[in-house]
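Okay, so here's the structure we're looking at.
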Amino acid sequence: LVAPGAPLDALLVAYLLLAALGAYAAARALEAAPAAAAAAALGYAGSGYVLSSLGNLPFLAGAASLPWLLAAGARVGQGARLGAAGLAAAAAATAVSGDVHALAVGGLLALALSLQAGGRAALPRAAAGLLVGALLSAAQLVPSWAFLPLTVRGDALPEAMRTQWALSAWRLPELVAPGFFGGRPGGPAA
């Protein structure tokens, strides 16, 4: 952890600790007993998704911030005094992490948890918290979008790659029946 050649190790451990603490907070916000919340924390931080994200910092940062969105969403629905502010902070942290999937899933789950805990009356506070979080994250995201054309992601994909990786809706049955429409794939190339 303190080796001179491994400067990212402390950051990785910090993200794992944040993931565990967030899972604990989410479980407690959902009224789990402390022992059950501790088990949830260990289970989440040690899960395959979180540990496999150690090689991809944006996904690890998203996994570390996702449970905080859930905890804050539940707290908004329960009428916590600073619940919306906590939700704004969690949404901003998740947005700045760069993991759009964690932000989308966590935001929807936070809204659902606030609705479940507080009914329709909690939805405006939860939506306001998510909106403020998005505005807070704009300080980093707007300049990033401005520089997007200068990155590899801003380049147009070659036609061969676009065709190879395109998701055609009519081929969705191949998720459960590979080759149903496209036939059996040939042998691997040498």
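In the chain, the C-alpha radius of gyration followed by the widest Cα-Cα span (Dmax) gives 20.3, 63 angstrom. Mind telling me which of P58, P158, P149 comes out most flexible in a GNM of the chain, alpha-carbon contacts under 10 Å? Among P58, P158, P149, the largest GNM mean-square fluctuation belongs to P158. Entry note, the chain: the mean residue ellipticity at 222 nm calculated from DSSP H runs of n ≥ 4, each adding -39500 (n - 2.57), is -21500 deg cm²/dmol after division by the residues and rounding to the nearest 500. What percentage of the solvent-accessible surface of the chain, computed with a 1.4 Å probe over protein heavy atoms, is contributed by carbon and sulfur atoms? The nonpolar share, carbon plus sulfur, comes to 72 percent. Build a GNM of the chain with springs between Cα atoms under 10 Å apart, and of R171, R125, R162 the one that fluctuates most is R171.
The long axis of helix 57-77 is offset from the longest Cα principal axis of the chain by roughly 40 degrees.
What percent do you get for the relative contact order of the chain when only Cα pairs under 8 Å and 6+ apart count?
Details: 228 pairs, mean separation 31.0, N = 190.
With pairs under 8 Å counted, the relative contact order is 16 percent.
Of the residues A61, A177, A32, the one that moves most in a GNM of the chain with alpha-carbon contacts below 10 Å is A177.
Each Lys and Arg contributes +1 and each Asp and Glu -1, all at the Cβ; summed about the Cα centre of the chain, the dipole is approximately 420 debye. Treating segment 50-120 as a set of equal point scatterers at the Cα positions, no solvent, please give the Debye-formula log₁₀ I(q)/I(0) at q = 0.21 Å⁻¹. So the normalised log intensities are -0.76.
Compute the signed sum of charges (Lys and Arg +1, Asp and Glu -1) over the other residues within less than 13 Å, Cβ to Cβ, of A74.
On the way: positive: R28, R75, R125; negative: E31.
Its environment carries a net charge of +2.
Computed packing ranks the peptides 128-139, 69-80, 39-50 as 69-80, 128-139, 39-50, most packed first, by mean other Cβ atoms within 10 Å. Put simply, when 98-107, 114-123 are sorted by average Cβ atoms within 10 angstrom per residue, most first, you get 98-107, 114-123.
The values are calculated or read from the model by the stated rules, or taken from the named source; none is laboratory data. Quick caveat, the model's predicted, so the values are computed rather than measured. For neighbour counting, all protein chains shown are included, and Cβ atoms are generated from backbone atoms with ideal geometry for every residue, glycine included. Note: accessible area is taken over every heavy atom of the protein model, side chains too, but ligands, DNA and RNA are not part of it. Shrake-Rupley method; radii C 1.70, N 1.55, O 1.52, S 1.80 Å.
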